[in-house]
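Structure first, commentary second.
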Amino acid sequence: MLTDVPPKRVNRESFQESDRLKLLDLPGGDELTGIATRIASAMKVGATVAVRSACAEFLAASADFYRVPPCPVRVLAARPLRVRENWSSEIFGDYHPETMLIRVWMRTAVRKEITAYGTFLSTLCHELCHHLDYHRFGFGDSWHTRGFYERAAVLYHHARGTPEKQLFWAPVSGGRWRIDWPRTNRTI
Ligand SMILES: [Zn+2]
């Protein structure tokens, strides 16, 4: 995980705010964990329709809690070959700021292997955090800052029912940061 290059002028403050914000309120109870478990079982049998409806439920419950507009979701077999501009595009999913559409793919583009459940859920949480950046926090854009990755991790661990991990960062040139995995994994 690597952070984006900080903007030089426009949105500089918004970027820094996103970088600093490491906490995310979480819904009480285990509703999201319950829905995530359903995503896991649907993935196990490769039931795309069931995966999609569980993802939609996950996003609807989150939208309720965070008081943001619900975002539509599409679960695709594999990553589309052509990825349009303006999408914040990841390896396993993307989010479109204007349509608010989240797309996640169940298979990797090249080898067509089923995406691991942890990766899939983490992608869903990651894309949802892009949505929250615009509609809950009102940032000027949705960057991959240290704070962004921390918030996405908080949401992911809550949904998965696993303990949060402290993330350690190492500076890279150009004002960017990468996760120091050896250090992060050493600490429980
Ligand atoms: Zn992203």
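Coordinate-derived values only; no laboratory data. The model shown is predicted, which means the values in this text are computed figures rather than measured ones. Cβ sites come from the backbone with ideal geometry, for glycine too, and all protein chains shown count toward neighbours.
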Plugging the Cβ-Cβ distance of residue 61 and residue 17 into 1/(1 + (r/R0)^6) at R0 = 25 Å yields, to the nearest 0.05, a FRET efficiency of 0.40
Amide H proximity to residue 144 below 5 Å, modelled H, separation 5+ or other chain, gives 4
The helix 146-160 Cα axis meets the longest alpha-carbon principal axis of the chain at an angle in degrees, between 0 and 90 and rounded to 10, of 30
With x for Gly and Pro, the residue-by-residue ³J(HN,Hα) of segment 115-123, computed from phi through the Karplus equation 6.51 cos²θ - 1.76 cosθ + 1.60 at θ = phi - 60° and given in whole Hz, is 4, 5, 4, x, 5, 4, 5, 5, 5
Semi-axes a, b, c in Å (a largest) for the chain, each sqrt of 5 times a Cα gyration tensor eigenvalue, come to 25, 19, 18
Segment 161-185 and segment 1-73 have their Cα centres apart by a whole-number Å value of 20
The answer for residue 101, listing residues at least 5 apart or on another chain whose modeled amide H is closer than 5 Å to its amide H, is 96
In nanometres, the difference between 0.36 nm per residue of separation and the alpha-carbon distance of residue 172 and residue 116 is 17.3 nm
As straight-line cross-link partners of residue 22, the qualifying lysines (C-alpha separation under 25 Å, not fewer than 8 residues apart within one chain) are 8, 165
Summing -39500 (n - 2.57) over every DSSP H run of at least 4 residues in the chain and dividing by its residue count gives a helix-only mean residue ellipticity at 222 nm, to the nearest 500 deg cm²/dmol, of -14000 deg cm²/dmol
Karplus-derived 3J(HN,Hα) from phi for segment 44-57 (6.51 cos²θ - 1.76 cosθ + 1.60, θ = phi - 60°), whole Hz, x at Gly and Pro, runs 4, 9, x, 7, 4, 5, 5, 4, 4, 5, 5, 5, 4, 5
Fewest to most Cβ atoms within 10 Å: 45, 172, 104 sort as 45, 172, 104
To the nearest 20 debye, the chain has a Cα-centred charge dipole, built from +1 on Lys and Arg Cβ and -1 on Asp and Glu Cβ, of 620
Which residues qualify? For residue 169, with a placed amide H closer than 5 Å and at least 5 residues away or on another chain, they are 180
